[in-house]
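Asks: I'd like to ask you about the structure that follows.
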Amino acid sequence: IEIYSLHVDCKVTSRFAHTVITSRIVNRANESREATFEVEIPKTAFITNFSMSMDGEVYPGIIKEKAAAQNEYDTAVSQGQSAGLVKITDRKLEQFHVSVSIAAYSKVTFELTYEELLKRQLGKYELLIKVQPKQLVKHFEIDVHIFEPQGIQFLETDSTFMTNELTEALTKVQNETKAHILFKPTLDQQKKNSELDETLLNGDFVVRYDVKREATAGDIQIVNGYFVHYFAPQEMPVLPKNVIFVIDRSGSMTGRKIEQTRDALLKILQDLHPEDHFSFITFNNKVVEWKSSLLPATEENVASAAALVQTLTARGGTDINGALLAAVGVLDKAEELPERSVSMIILLTDGQPTSGERSVEVIQENVQKAINGKYALFCLGFGFDVSYKFLEKMALSNGGIARRIYENSDAALQLQGFYQEVATPILMQIEMQYPENSIEGLTKNNFKLFFEGSEITVSGKISNELDLLPVEIKAQSHMSNLTLKEEANVKEKEQVFQNQKYIFGNFIERLWAYLNIQQLLEEAISAQEEDQKALEAQALDLSLRYSFVTPLTSMVITKPQQQEELANKPTEAG
């Protein structure tokens, strides 16, 4: 079985990435063999299309509601074939895997399409392409076209497998608003050495970039009556933080995990700003407050906290409820904090609640009642023994986010990386306002916090014949209340994307649908049961209308001999 051609074709238009992977495989044997198409794609992406072509027949993947697809599949397959075509493989990726039997001397072409909105983190967008052909490929290429009407500020490529020879196969061409990256290694360049037919191509190929920003009220782009508004203010003073680290030191954290936690916390302490206030709570079956109140991040206090961190050891049970309520208590009674400051609790745990209150529903309720919208709660789940669903619901119900920390050698870096994302809040209570009577289907437009290096994205449908789209942004900064205004000329904005070979159809409409689905699914996690059903119904409707494989839909793949398989989107919560 030989993969004689593998193309990754990616178009990024205004942060929205559309990637097509095409693999052509030939069976050179004189009997039928199994051909496998196995690729890893970003977790944040939604598959939108898949097909197999062989012997002049095309076998498309059809996207249906998950429950309906499952019933159909169960009826069709009573032989107990497994249907796990997509599974999470690591922190950023999930794997799509399909096999088909091909006749002697025959060919098959697999084609997979997926889309995602690139998210700005720490001042850059990242396009991640996983390269793992597992054999030498005669025609191999990665072809990336980027079009950013705001202008490209910087662009870099990075790869975990590059050698000097392979660098020669990489070309980059760039002007003000466009970039073209082509990676096309020959068979010889792909080889580990001239004697062996082993490939060097195994790892990540990454493109990172950022765009130029001038307008204070962000940038608006419009295609076919849909708009997207990007807002990422720069060079603003950082809001002081009041942060409480709530650290699990139960028995399961013993060994590597507690060491990595100590390493990360020592680095994070060094990153506190002098105007920040902070404290620590450590917990097993007992909850221990380092100090009874928040302390300013002076050199002396930071050194004293570092000494405490050095002594962290792990044993005992897990009283998550007691620890979080203690943290809220410290913030509630804190005095003399800067008037405009951001209060947050960062919880790190690796297990289920085993001491104190053990019901996750009761803990969620207690914490939400205690926080009552005053503070942001961020939950980090270390490893796979945590109930990620519980942590995610608790974080999203309290204005924060959850993240899984993978138990790898880089766990300390993952912890630091997460902290860096939330370390520099520069705006609070951001409201993005648009003319009510002329905009439909607006995505989320109120945000509690904006962190430096990230970006706020709002999208909607312009319902009336508008000539000008006015926007107004209200927010609180360190020093004052801001109001920013901007007007977009609809016709001029529409012109930007005319006659661009980069554009794939109504890409802003697809971006709008993608963003909407992501937000509806996120909202559903922390909603009450009736609301949850309504939110999921809306997300399902959009997933089917725009053909996205989301956690609510399945792709039914029919193979020759009428065999059916299902591709489902996995979630971090399992």
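Asks: Would you pull out the residues with amide H under 5 Å of Ile88's amide H, same chain only if 5 or more places away, H placed 1.01 Å from N?
Replies: For Ile88, the qualifying residues are Gln95.
Asks: Can I ask one more? For Lys134 and Asn164, FRET efficiency with R0 = 30 Å and r from the beta-carbon atoms, rounded to 0.05? Each step should come with its number before you reach the end.
Replies: Numbers: r = 23 Å, r/R0 = 0.77.
For R0 = 30 Å, the calculated efficiency reads 0.85.
Asks: Can you compute the modelled spin-label distance between Asp410 and Asp467, with each label point 7 Å from Cα toward Cβ, in nm?
Replies: If labels sit at Asp410 and Asp467, their model points lie 5.3 nm apart.
Asks: What is the sum of charges, Lys and Arg at +1 and Asp and Glu at -1, for the other residues whose Cβ falls under 9 Å from the Cβ of Ile1? Provide the component values of the computation, followed by the final result.
Replies: Details: positive: Arg28, Arg33; negative: Glu2, Glu34.
Charge balance in the 9 Å sphere: 0.
Asks: Taking amide H positions as placed in the peptide plane 1.01 Å from N, state which residues far from Ser5 in sequence (5 or more) or on other chains have amide H under 5 Å from it.
Replies: Here Arg24, His139 satisfy the definition.
Asks: Quick one: angle between helix 66-76 and the longest Cα principal axis of the chain, in degrees between 0 and 90, rounded to 10, please.
Replies: 40 degrees
Asks: Where in the stretch 521-555 is the amide nitrogen less than 20 Å from a point lying 7 Å along the Cα-to-Cβ axis of Ser51?
Replies: Taking a point 7 Å out along Cα→Cβ of Ser51, the residues of the stretch 521-555 whose backbone N falls under 20 Å are 544-549, 554-555.
Asks: Could you compute the net charge surrounding Gln234? Neighbours are other residues with a C-beta less than 14 Å from the C-beta of Gln234; K and R count +1, D and E count -1. Before the final figure, lay out each step's value.
Replies: Details: positive: Arg120, Lys124, Lys212, Arg213; negative: Asp210, Glu214, Asp219, Glu235, Glu452, Glu455.
Net charge around Gln234: -2.
Asks: Also, I was wondering about something else. Could you calculate the contour length gain from Ala29 to Glu195, that is, 0.36 nm times the residue separation minus the distance between their Cα atoms, to one decimal place in nm?
Replies: On the way: separation 166, 0.36 × 166 = 59.76 nm, distance 2.37 nm.
Fully extending the segment from Ala29 to Glu195 adds 57.4 nm.
Asks: Please compute the length gained on full extension between Lys212 and Gln153, using 0.36 nm multiplied by the number of residues separating them and subtracting their Cα-Cα distance. Write out the running numbers ahead of the final one.
Replies: Details: separation 59, 0.36 × 59 = 21.24 nm, distance 0.49 nm.
Between Lys212 and Gln153, full extension yields 20.7 nm more.
Asks: Ignoring ligands, DNA and RNA, what percent of the 1.4 Å accessible area of the chain is carbon and sulfur? Write out the running numbers ahead of the final one.
Replies: On the way: 11540 of 25390 Å².
Whole-percent figure for carbon plus sulfur exposure: 45.
Asks: Give the angle, between 0 and 90 degrees and rounded to the nearest 10, that separates the Cα long axis of helix 299-310 from the longest principal axis of the Cα atoms of the chain.
Replies: Tilt relative to the chain: about 60 degrees.
Asks: So how compact is the stretch 1-101: Cα radius of gyration and Dmax in angstrom?
Replies: 15.7, 48
Asks: Let me ask you something else. Could you go through the stretch 359-374 in sequence order and give the Karplus-derived ³J(HN,Hα) for each residue, using 6.51 cos²θ - 1.76 cosθ + 1.60 with θ = phi - 60°, rounded to whole Hz, and x for Gly and Pro?
Replies: Couplings: 7, 5, 5, 5, 4, 4, 5, 4, 5, 5, 5, 5, 5, 6, x, 7 Hz.
Asks: Can you give me the angle between helix 529-545 and the longest principal axis of the chain, using Cα atoms only, in degrees from 0 to 90, rounded to the nearest 10?
Replies: 30 degrees
Asks: Going by the alpha-carbon gyration tensor, a ≥ b ≥ c the square roots of its eigenvalues, is the stretch 292-427 rounded (a/c under 1.5) or, if a/c is not under 1.5, prolate (a/b greater than b/c) versus oblate? Please list the in-between numbers first.
Replies: Numbers: a/c = 1.39, a/b = 1.14, b/c = 1.22.
Cα axes put the stretch 292-427 in the rounded bin.
Asks: Another question about this same structure. Based on the Cβ-Cβ distance from Ala303 to Ser101, what FRET efficiency comes out when R0 is 41 Å, to the nearest 0.05?
Replies: Numbers: r = 66 Å, r/R0 = 1.61.
Rounded to the nearest 0.05, the efficiency is 0.05.
Asks: Using a cut-off of 13 Å between beta-carbons, work out the net charge of the residues near Leu427 (Lys and Arg +1, Asp and Glu -1, Leu427 not included).
Replies: Numbers: positive: Arg340, Lys448, Lys474; negative: Glu235, Glu431, Glu452, Glu455.
Net charge in that neighbourhood comes out at -1.
Asks: Taking a probe of 1.4 Å, how large is the accessible area per residue of the stretch 97-243, in Å²?
Replies: Numbers: 6320 Å² over 147 residues.
Per-residue value: 43 Å².
Asks: Answer rounded, prolate or oblate for the stretch 448-567, using the Cα gyration tensor with square roots of eigenvalues a ≥ b ≥ c: rounded when a/c is under 1.5, else prolate when a/b is larger than b/c, else oblate.
Replies: Details: a/c = 2.52, a/b = 1.45, b/c = 1.74.
Note, shape of the stretch 448-567 comes out oblate.
Asks: What shape does the chain take by its C-alpha gyration tensor, where a ≥ b ≥ c are the square roots of the eigenvalues and a/c under 1.5 counts as rounded, a/b above b/c as prolate, and the rest as oblate? Kindly include the intermediate steps, with their values, before the conclusion.
Replies: Numbers: a/c = 1.65, a/b = 1.36, b/c = 1.21.
Note, shape of the chain comes out prolate.
The values are calculated or read from the model by the stated rules, or taken from the named source; none is laboratory data. Here the structure is a predicted model, which is why all the values come from computation and not from measurement. Don't worry about glycine lacking a Cβ; one is built from the backbone with ideal geometry, like all the others, and counts go over all protein chains shown. For accessibility, only protein heavy atoms count, side chains too; no ligands or nucleic acids. Shrake-Rupley method; radii C 1.70, N 1.55, O 1.52, S 1.80 Å.
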